[in-house]
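Any read-out appearing in this document is the output of simple, stated calculations on the displayed coordinates, not a laboratory observation. Model, not experiment: these values are computed from the prediction. Cβ placement follows ideal geometry from the backbone for every residue including glycine, while neighbour counts extend to all protein chains displayed.
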Amino acid sequence: MAELDDMAGLIAHVARLKDAAVDYLAEQSKARQEAMEYYDGVMKDLPAEEGRSSAVSNDIRANLKKVMPSIMRTICGGGDVVKYLPVGQEDEDGARQATEYINLIGPAEFDVETAIYDVIHEAALLKTGIIKWCAYRQKQVSIRKYTDQPTEAVVGLFDDPSVEITDYTESEETDPDVLAVYPDAARHSFTLRRIKDVVRPRLEAVERGSFLITPGADEIETAELVGEELVLTRSKLVEMGYDKGLVWGLARDDGLKDDDQARDGEDYTEARRETVKALQLVRVWEVYVRLDRDNDGIAELYRIVFGSGSSGTEGHTVLGFEEVDEAPYASVVIERQPGQFEGRSLFDDLKPVMRIKTAVLRSTMDNIYATLNRRVAYQSQAVENPEVLTNGKFGAPIELKPGYKLSDAVDWEEIPFTAEKSFAMLEYWDRVATDRTGITDASGGLEADDVNGTSATAANLLSERGIAQADMMVRTIAQGGLRKAFRGLLKLVIAHSDGPRTVRMNGEWVQYDPRVWNAEMDCEVNIGLGGGTKERDMAVLQVIYGLQKELLLAMGADNVFVKPDQLYNTLEKITETAGFPSAQPYFTSPDPQEVQAKLDEQKNAPDPEVVKIEAKGRVDAQLAQMQAQTTLQLEQAKLDIQAQSERMKAEVARDKEAAQMQADLATRQQESAMAAQLEAQKIGFEREKLQAEMAMKDRELQMKREIELLKLGARDTEGGVVSKEDDRHSALVGALQQMLESVGKMNGPKRVVRDENGDVIGVEPVQ
């Protein structure tokens, strides 16, 4: 093509292809807009009548919310999202590392799960979703303020090209120790601004309304042009690495004039003017177009980024132009339409159902409203306050004029209640929706027992049908666009890696170096065991694990049915299905060399039958020897017991004899002690008796003297009449005589008194 010989002609050709893609995009925009409105419950093609129900049966949103959790759980909820496959034997370790690396940091750094959700949502609603793998160049700016820093702390900073020093001030060094060594030392205060260019690979969902593809193309790989229409700030384009002069020359796209002074006045400084310029919006196109520039008959793929010139003419400003090996886009659909780029969406299947259900629902609600709020007919001449009949205020009294009855004055419209019949119609269209989409309550992860009003068998059939539809959607998504996207992401990670990186995995620090991986590795996207629940997957895995274990136990590790690494794969899958990120903390992946060594060891082992016979002979000999030793030990134990028994008897006899001797000795000692005690008591009693007798004799003599004196003093001097005083003397004399008798008894013979144990406790007079 002659027009492609020069750059101007080439860009003009690309611009024409772009314009055709833009026109095609505009043709599809009405359908996409309608789908998004239906999803939001806005039905412009079925407006509600004034004063009637405006209810909407939002079946599109309901079905999408049922199926999305199942799809996301199947792809992203079972451990690794993607698994990379080695091209050759030398790629085994690289494939394993790439799988671990992408799955580990993918959600945080590559926005994997966000991109997957957004693109599936777009595909389910808008026919086709577009996912892109890209690497954005970003400027990371860090600003730090430092005060009174020593000279050695700032050495080398001023020579770093990535560092900008501002607000610099210098002060005197006050530390005498430092000055003693460095007389010219000083303190430095400044602001450090460090700028670092970072390239960040990521996945992202492209807004369907901005994706361009030439009309008639059935896939991205064969389309003459694909790309995006972008509206960005000039600052963003410069940050992405495009030339500032070229970016500043692009036409504005915010509807305002390009002349800053016309809008902002003459009083702007140059710095202010540049800031405003940087934040202006511009429209650019990033396209991938096939061109045969070398006239070899083969169209090569080029990436071209261009925008409209500031003149506002048809001229274009090219920001980037390079040959590439692929366009970084993949289409995602939930249902393919063979031979067409666009897939089939839930909106396509459910729009008629939603229209009919909405109409039926509105009529049903109108009937319910009318039944509950019947119109009233009344005779105006009979009712004093007719406003209470129409204002809907409950409990307000109806005032009738004299001579009128309520039944004659007021009557309510009779409206038949037909809403219950429409319920069956709504259920019918629910079944129609299920037949068209295959989405049931089970698609959202409900178990069969959760489906009310159905038998177990019917519920299981519904569950299987829902799971099957979700599984078909997942397979279409995974084997199509997602697989291609993860291949592209791996290429970006390898291309933009600047060296080894250490990341924390399962509690351990692991080093990865993407530069050594093979960028041409294929991959497979995880789709679990299907669209069922984790419980279903776990049950299947347990059955597989049981069969593998039985085969390994029965036939050994070197059998033709199952290998140790396959058993580990099952254990790994069980762990992932249980919700753990990796199986490594719980199981060790078998080393191929170690497994082979074990197998070789088993092959070189002797005949198992011979080993069995030899082992049996050794066991029998050992048993005979053990039996003889046991018999000998029993006889020896018997003799030991007898000897021990005799020794115990002798010891008991000696102990008994010694105890008897000790008892006799104690008895004799006790008797001697008691005899000595009695003798001591006897001596004490004799001494006390003597002392008492002497005291009593003294007392007796004294009393006899007192009696004689009393007798002399008590004689009657007046004719023998005894006075009261004489009576007292006589009584006193009698008492003294009794005391003399008692003393005589005490001085008489006595005897020893003992207790029940024979111990002496005292003495008493003999009667």
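Taking neighbour Cβ counts within 10 Å as the exposure measure, how do Y512, Y136 sort from fewest upward? Mind dumping the intermediate values first?
Values: Y512 21, Y136 14.
Fewest-to-most Cβ neighbours within 10 Å comes out as Y136, Y512.
Calculate one ³J(HN,Hα) per residue across the stretch 543-549 by plugging θ = phi - 60° into the Karplus curve 6.51 cos²θ - 1.76 cosθ + 1.60, and present them in order as whole Hz with x for glycine and proline.
Coupling constants for the stretch 543-549: 5, 4, 4, x, 5, 4, 5 Hz.
Amide H neighbours of Q149 under 5 Å, at least 5 residues apart or on other chains, H built in the peptide plane: list them.
For Q149, whose amide H was placed from the backbone, the distant partners under 5 Å are H188, S189.
Extending each Cα 7 Å along its Cβ direction at V276 and T169, get the distance between those two points in nm, one decimal.
Going from the V276 label point to the T169 one covers 3.4 nm.
Exactly which trypsin sites (Lys or Arg not before Pro) in the stretch 27-100 are in a DSSP loop and have at most 16 other Cβ atoms within 10 Å? Display every interim value, and only then the final one.
Details: sites: K30, R32, K44, R52, R61, K65, K66, R73, K83, R96; in loops: K44, R52.
The qualifying sites are K44, R52.
Working out 0.36 nm times the residue gap between V141 and N757, then minus their Cα-Cα distance, what length gain in nm do you get to one decimal? Kindly include the intermediate steps, with their values, before the conclusion.
Values: separation 616, 0.36 × 616 = 221.76 nm, distance 11.05 nm.
Going from the current span to full extension adds 210.7 nm.
Considering amide H positions built from the backbone, and no H for Pro or chain starts, which residues 5 or more places from V383, or on another chain, come under 5 Å of its amide H?
HN-HN under 5 Å from V383: K401.
How much length, in nm to one decimal, is gained on full extension between Q337 and K704, taken as 0.36 nm per residue of separation minus their Cα-Cα distance? It would help to have the intermediate numbers written out before the result.
Numbers: separation 367, 0.36 × 367 = 132.12 nm, distance 15.68 nm.
Result for the pair: 116.4 nm of gain on full extension.
Sorted by mean Cβ packing within 10 Å, highest first, what order do the peptides 322-333, 635-646, 587-598 take? Could the numbers behind the result be given before it?
Numbers: 322-333: 18.2, 635-646: 9.8, 587-598: 12.7.
In descending order of packing, they fall as 322-333, 587-598, 635-646.
Quick one: Karplus J couplings for the stretch 555-562, per residue in order, coefficients 6.51, -1.76, 1.60, θ = phi - 60°, nearest Hz, x for Gly and Pro?
Using θ = phi - 60°, the values come out as 10, x, 5, 9, 9, 8, 9, 8 Hz.
What nm distance separates the two modelled labels at R668 and T114, each placed 7 Å from Cα along Cα→Cβ?
Computed distance between label sites R668 and T114 equals 11.0 nm.
Given 0.36 nm per residue, what is the gain on full extension from D408 to Q596 after removing their alpha carbon distance, in nm? Kindly include the intermediate steps, with their values, before the conclusion.
Values: separation 188, 0.36 × 188 = 67.68 nm, distance 10.37 nm.
Full extension of this stretch gives 57.3 nm more.
Tell me the Kirkwood hydrodynamic radius of the stretch 157-244 in angstroms, computed as one over the mean inverse distance between distinct C-alpha pairs. Walk me through the numbers on the way to the answer.
On the way: mean 1/r = 0.0524 Å⁻¹.
For the stretch 157-244, inverting the mean 1/r across all distinct Cα pairs yields 19.1 Å.
In whole Hz, with x marking every Gly and Pro, tabulate ³J(HN,Hα) for the stretch 50-60 from phi via Karplus 6.51 cos²θ - 1.76 cosθ + 1.60, θ = phi - 60°.
Whole-Hz 3J(HN,Hα) from phi for the stretch 50-60: 4, x, 10, 4, 10, 4, 10, 8, 7, 6, 5.
Please compute the modelled spin-label separation between F321 and K244, points set 7 Å along Cα→Cβ, answer in nm with one decimal.
The modelled label-to-label distance comes out at 2.4 nm.
Based on the alpha-carbon gyration tensor of the stretch 51-208 and its eigenvalue square roots a ≥ b ≥ c, which shape applies: rounded if a/c is under 1.5, prolate if not and a/b is larger than b/c, or oblate? Don't jump to the answer; show the numbers that get you there.
Values: a/c = 4.15, a/b = 2.16, b/c = 1.92.
The shape class here is prolate.
Check L225: other-chain or 5+ apart residues with amide H under 5 Å from its amide H, H built from backbone geometry?
Under 5 Å from the amide H of L225: T214.
State which entries of K30/K351; K18/K127; K549/K573; K65/K351; K127/K351 exceed 19 angstrom in Cα-Cα distance in the structure shown. Walk me through the numbers on the way to the answer.
Working: K30/K351 15 Å; K18/K127 22 Å; K549/K573 15 Å; K65/K351 16 Å; K127/K351 13 Å.
From the list (K30/K351; K18/K127; K549/K573; K65/K351; K127/K351), the Cα-Cα distance tops 19 Å for K18/K127.
With a 10 Å Cβ neighbour count serving as the proxy for reagent exposure, in which order, fewest first, do D91, D40 appear?
Values: D91 18, D40 12.
So the residues, fewest neighbours to most, are D40, D91.
Placing +1 on the Cβ of each Lys and Arg and -1 on the Cβ of each Asp and Glu in the stretch 135-202, which of Y168, S142, P201 has its Cα farthest towards the positive end of the resulting dipole?
P201
What Kirkwood hydrodynamic radius, in Å, does the stretch 135-202 give when the mean of 1/r is taken over all pairs of distinct Cα atoms and then inverted? Display every interim value, and only then the final one.
Working: mean 1/r = 0.0723 Å⁻¹.
13.8 Å is the Kirkwood radius here.
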